[in-house]
């Protein structure tokens, strides 16, 4: 469901959040096609019709896509078992849908699996604190020896499960023998351990030197957008008026107009049918969706702005995620740093979480309107379908479907 990314995931499943021009899941589909995997099964659940409508049968993306619904969320082993008929006796690659990693990872693991005498492969990521993760212990041949969930020390190493696997069909035997874990789910790692105890050979691939992100928190989504934009192919398909400065790698979509006096620093992505300027400032690592307007003297920095959003005059947004159909009144500002230079915290699933970063703006849901001269504190979340009154300082999170405004006492008397 993506609760840690609310309010952005209220109206879209997490894999369908756009980053750098297209949904997160599309990058995985594109990379699979490029490594020669053309038959794809997507296990869907929450808001599944959005995924089905976007990808269809996969023909527009050069692949064949089949769908199956996971009726109850009872663990990764259960989700994997749903694909048994699709897989039949073939080898298959399994990827968690909210993960992004670069294409080179898929190139390498497919090659290793094809050229090695192993039954399966698991991708691993080095972590600073192994006590918070499922840790995979490898032997000298890089084969998985043991899987330990949140060990009490680092005696098993610091390689955590990265959610990308290659299996042969033997894994379904392990799944059929898997019992529910302590948290009440059927875990694919338990299925793997059952087989490893019986000489199942699983290669551990360390992808720590490559970019990988499980996009569980808002700042991870911003990081993923930034990483993808680093490799963007520059292209200008819109209209650029006189006296516009563009530097770095910038994509500007069809029917988009960049008005006079605007300054764009890449890497940046601006979608179709947008209006930028006059005199707007688009700073690096900004993704602006289609049908957006970034108006006079407005500044966007390292942010994700989804489609149909208007930031029309004298506004600043940095290190933030703004949903679709949002309107910023003139002079509205999102703060992205604390005066005391401490790390910014954000409420995630009703708990205060340290983002471990000095720069973090706000998360604003779909269909929300901000009145003129609104100020949003850093680390705050404003829900979907909200009205923020003019001149308001948003110093706390605002839930969905709320009005939030200041009641002023007006004094009027003769001098």
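The values are calculated or read from the model by the stated rules, or taken from the named source; none is laboratory data. Predicted, not measured: the structure shown is a model, and the values here were computed from it. Cβ placement follows ideal geometry from the backbone for every residue including glycine, while neighbour counts extend to all protein chains displayed.
Numerical summary
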read-out: Qualifying positions in region 138-147 - crowded, with 19+ Cβ neighbours inside 10 Å and either in a loop (DSSP other than H, G, I, E, B) or free of Cβ contacts under 8 Å to residues at least 60 places away in the same chain (or both); value: 147
read-out: Exclusive hit being assigned by TED's automatic domain parsing to the domain that holds residue 261, in contact with a strand residue (DSSP E or B) (Cβ under 7 Å, 6 or more places away or on another chain) and either closer than 24 Å to residue 245 by Cβ or modelled with pLDDT under 95 (or both), set 298, 332; value: 298
read-out: Residues located in region 364-388, provided they are under 14 Å from residue 7 (Cβ atoms) and assigned to a loop (DSSP other than H, G, I, E, B); value: 365, 366, 367, 368, 380, 383, 384, 385, 386
read-out: One residue from 169, 191 being within 30 Å of residue 86 (Cβ to Cβ) and in a loop (DSSP other than H, G, I, E, B); value: 169
read-out: Test: residue in region 4-27 that is more than 27 Å from residue 384 (Cα to Cα), surrounded by fewer than 20 Cβ atoms within 10 Å (Cβ to Cβ) and under 21 Å from the mean Cα position of the chain (by Cα); value: no
read-out: Selection from region 335-363 of residues that are within 19 Å of residue 226 (Cα to Cα) and in a strand (DSSP E or B); value: 363
read-out: Residue match in region 268-283 (condition: within 17 Å of residue 21 (Cα to Cα) and either assigned by TED's automatic domain parsing to the domain that holds residue 164 or touching a helix residue (DSSP H, G or I) at 6+ places or on another chain (Cβ under 8 Å) (or both)); value: yes
read-out: Region 170-192 residues that are surrounded by fewer than 19 Cβ atoms within 10 Å (Cβ to Cβ), paired with ones that are part of a helix (DSSP H, G or I) (beta carbon under 7 Å, 6 or more apart); value: 170/195; 172/81; 172/84; 177/194; 181/190
read-out: Region 73-101: number of residues that are modelled with pLDDT of 95 or more and under 19 Å from the mean Cα position of the chain (by Cα); value: 4
read-out: Pick from region 194-209, criterion within 28 Å of the chain's Cα centre (by Cα) and in a strand (DSSP E or B), ranking: surrounded by the fewest Cβ atoms within 10 Å (Cβ to Cβ); value: 206
read-out: Test set (1) part of a loop (DSSP other than H, G, I, E, B); (2) under 26 Å from residue 111 (Cα atoms) - residue 152 fails condition number; value: (2)
read-out: Close pairs (9 angstrom Cβ cut-off, 6 or more residues apart or separate chains): without any contact (Cβ under 8 Å) to a residue 12 or more places away in the chain in region 120-137, part of a strand (DSSP E or B) anywhere; value: none
read-out: Unmet requirement for residue 404, which otherwise passes all of (1) out of contact with any helix residue (DSSP H, G or I) (no Cβ under 6 Å at 6 or more places or on another chain); (2) under 23 Å from residue 292 (Cα atoms); value: (2)
read-out: Test: residue in region 293-314 that is touching a helix residue (DSSP H, G or I) at 6+ places or on another chain (Cβ under 7 Å) and more than 19 Å from residue 16 (Cβ to Cβ); value: yes
read-out: Selection count where residues are touching a helix residue (DSSP H, G or I) at 6+ places or on another chain (Cβ under 7 Å), surrounded by 15 or more Cβ atoms within 10 Å (Cβ to Cβ) and farther than 19 Å from residue 72 by Cβ, scope region 34-53; value: 3
read-out: Residue 109 being modelled with pLDDT of 95 or more, under 24 Å from the mean Cα position of the chain (by Cα), in the same structural domain as residue 138 (by TED's automatic domain parsing) and buried (at least 16 other Cβ atoms within 10 Å of the Cβ); value: yes
read-out: Residue among 157, 163 that alone is modelled with pLDDT under 95, under 30 Å from the mean Cα position of the chain (by Cα), surrounded by 14 or more Cβ atoms within 10 Å (Cβ to Cβ) and part of a loop (DSSP other than H, G, I, E, B); value: 157
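Quick grid of which residues meet (1) touching a residue at least 40 places away in the same chain (Cβ under 8 Å); (2) more than 30 Å from residue 230 (Cα to Cα):
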residue	(1), (2)
27	yes, no
31	yes, no
51	no, no
60	no, no
88	yes, yes
99	yes, no
